[in-house]
Structures are given as C-alpha cells and as structure tokens.
Amino acid sequence: MQAIIWWSVPLLAFVLAIVWVSVANRERPPVDPHDSVAEHQRFREAMGRQVGRPPVEPTGTELAEPDEPDVPKSNPDDWWRRT
C-alpha cells in the first residue's frame with residue numbers, strides 16, 4: 001500500500017505535465033497583422049512611460065565637494081606609518 005502512495009506522486013506529476021504540454025502546444029487562431037502591430041505599438045508606448053516619482057534634478061549642492069573629507073589626508077613624509 002505504501003508503494004502505491006509513493007508512486008502516485010510522480011504519476012500525478014507526469015499526468016499534469018502531459019496536460020500542460022498539450023495545452024501549451026494547442027492550435028492558436030491566426031492573428032490579424034493590424035491587431036498585432038497595434039498591440040506592439042501599445043507595448044512600446046507603455047514601456048516609454050515613466051512610473052512613479054519623476055527624477056530629482058540636481059540643484060548644484062549634490063555635486064559640490066564636501067567641506068571635510070571622510071578620510072584625513074596623509075602626509076607624504078609619514079609613509080612609514082601606513083599599513
């Protein structure tokens with residue numbers, strides 16, 4: 001009985017795979033070229049639109065150099081202190 005239960009899982013997966021392949025490979029109706037071009041144009045327009053907040057334009061303060069650097073400048077004479 002346990003063998004039947006264990007073999008039912010792969011058998012069910014096999015049957016579902018066959019059903020999926022048969023549905024995925026079914027005959028599709030012919031597509032009108034004008035509809036296809038219109039759908040592609042709508043897709044391109046949608047991809048060209050920006051979604052969400054517009055980008056922030058720099059005001060000039062973001063590009064300025066900071067007053068104090070994060071790393072102190074080293075003296076060339078202190079070469080022996082570097083690790």
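The values are calculated or read from the model by the stated rules, or taken from the named source; none is laboratory data. What you see is a predicted model; the values in this text were computed from it and never measured. So basically every Cβ, Gly included, is an ideal-geometry build from the backbone, and we count neighbours across all protein chains shown.
Within the option set V31, V15, being modelled with pLDDT of 95 or more and of a type in the set (A, V, I, L, M) holds for one residue only, V15.
From the list S8, S36, the lone residue that is more than 32 Å from the chain's Cα centre (by Cα), surrounded by 10 or more Cβ atoms within 10 Å (Cβ to Cβ) and free of Cβ contacts under 8 Å to residues at least 40 places away in the same chain is S8. Out of S22, S74, one residue alone is among the small types (G, A, S) and at pLDDT below 70. It is S74.
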